[in-house]
Each structure stands twice: as structure tokens, then as C-alpha cells.
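Below is one structure, written out as C-alpha cells; the observations come after it.
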Amino acid sequence: PFIALFRMAAKVALVEPFYGGSHKQLIDILAAHFDCDLFTLPPTKWHWRMRVSALYFCSIIPKQNYSLVADTVVFNSHFNMNSFLESVDSFLKTMPDCRPKGVAEQIRPKCIVIYFPIEFPPKRILPVVLNTDDAGSYRSSTPLHLVWPHRWEHDKGPDEFCTLLLKLLEEKVAFVVSILGSHTNDIPVVLEETISKLGSRVLHRGPVSKEEYWCILMKAHVVVSTAKHEFFGVAMLEASYCGCYPLCPNRLVYPEIFPSMTF
């Protein structure tokens, strides 16, 4: 269904106001397989991009590249779709005037879910990365390795994650951590302070190359999410594929992508 949806049009306009992280990952996958025009903005100030980027894009995208009324509305998870449909009418009521009515019921029949396409590395590279044929044996011989592969912004819950790390430090638990993900110059203070306190326990910090990213995931034991905002969870699935145990809250999209887990 994913390919068929895009083949309905001779050319596709891909509009992405936050061209970074998993957003960029999705756009790049689509652009590599379809005839596309890309319209993007740099990945800074996520909330502002979502709110006002349409004003910018409507001024630069040629009119023939889009329609005002969609035939199909695609969401990347049922959580994303349901949370939108459940809140759109109440959100529109906050408008000062000219409030549209019954938007959710008009949109609902056109909504579908197509899960995010993830390009995983081939399993055959695992022995090369770990220098062993037994990933379980490798992990059992190393200290607990936590990985937090998320944007360094407040909607990903860095405060809660740092509280966890400092508690492990207080309890004298033997562990190391890789704090991955992109960030701007506006780094949450709690992350900077915690990284300083942990010292050599921090194996990696900040963005790394894709090859190094997969290597880290294949060596880590547990992938952690403390997110307050998550519509799909690409990094959590990537880490789980590489053998990390997912530790995440029982909310947002997580019960959907890890349905058999006990939270």
C-alpha cells in the first residue's frame, strides 16, 4: 500500500519543516525511491516549525504541487491518528472566530495508517561489529550499557532520564551510557550537568555516523525512552532490532509498537 499510494501521482511533493533525525530519515527513504520535489527547513525549534512553517511553504511551493483538500490522510501510527482525531475539534474551538465544525468526522473516513519504513542493517554485519558470533555472550561480558538515542530536547524527557542515571550512580551500579541524538546549541542544562557528573561512564555523547550508531546499538543492553512526545519511535525499534531491551513508558505509541511487552 505504501508504494501504491505514491505511484498514484507522477510526481510527489515532500514537505518537511523539521528536516533532521527520523524526519530526515523518512524523507530520504522516500526521495530515493520516488520522483519527488523536496521542500524542507532546518531541524531547529521543533514546536515553532510545526506551528508556522505552513506560512513559509505556501509561499514557495508552486500551486500545481499540492491540493487544498486531501483524498487520503496518512498517519504513521494508530496512536498518532487517534490522538489527532480525538483532539482536533477541541483544538479548533480555541480559534477566536470562523470555527469549522465536525472536522474529525469529515477526515476520519479518509485516514489510514502506514508505518514508518525503517532500513535496518543486514544481520550478517553483527559478528563483524562485535568480533564474535554470539551477541549474547558479548553482552554478558560487559557492564550494563544504556543507550538514549533521542533529540536533546525537553519533549524527549531528559530530566527523567538524568534522574535515572544519577540514581544508578548513587546505588553504585556498574554501568556505562551512550547519550546519542542530535542537538542544537541550546542543550538542556540537566544533560550537561549529568554528563559532567558521570565522567568516563559516558561512552558516547551527541550525534554519530550511521555506521557507528549501529555499532553502538549492537553493543548496548538497554534502550531507554523517557519521551513526553512520540508518534512512532524509530530509534527504539532500531535499537530493539539490534538486541537492546526497550525500557519505555506505558503511554504514547509504545504500547502499539511493543504490544507484548510488560511495562
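The values are calculated or read from the model by the stated rules, or taken from the named source; none is laboratory data. Please read these numbers as outputs of a predicted model, since none were measured by experiment. Backbone-built Cβ (ideal geometry, glycine too); neighbour counts: all protein chains shown. Note: areas computed on protein heavy atoms with side chains; ligands, DNA, RNA excluded. Shrake-Rupley method; radii C 1.70, N 1.55, O 1.52, S 1.80 Å.
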Worksheet item: How much accessible surface does Ser53 have with a 1.4 Å probe, in Å² rounded to 10?
Response: 10 Å²
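Give me the dipole magnitude in Debye, nearest 20, for region 142-215 about the Cα centre, with unit charges on the beta carbon: positive for Lys and Arg, negative for Asp and Glu.
240 debye
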Worksheet item: How high is the relative contact order of region 174-223, in percent, counting Cα pairs under 8 Å that sit 6 or more residues apart?
Response: 51 percent
Worksheet item: How would you order 32-42, 245-255 from highest to lowest mean count of nearby Cβ atoms within 10 Å?
Response: 245-255, 32-42
Worksheet entry | Quotient of C-alpha Rg and 2.2 N^0.38 Å, computed over region 182-251 | 1.19
Discussion item. Just to be sure I understand the curve: with the Debye formula and one point per C-alpha of region 211-263, what is log10 I(q)/I(0) at q = 0.17, 0.23 Å⁻¹?
Written reply: -0.48, -0.84
Practice prompt. With a 1.4 Å probe and all protein chains in place, put Glu153, Glu211, Glu171, Glu160 in order of accessible area, largest first.
Written response: Glu211, Glu171, Glu160, Glu153
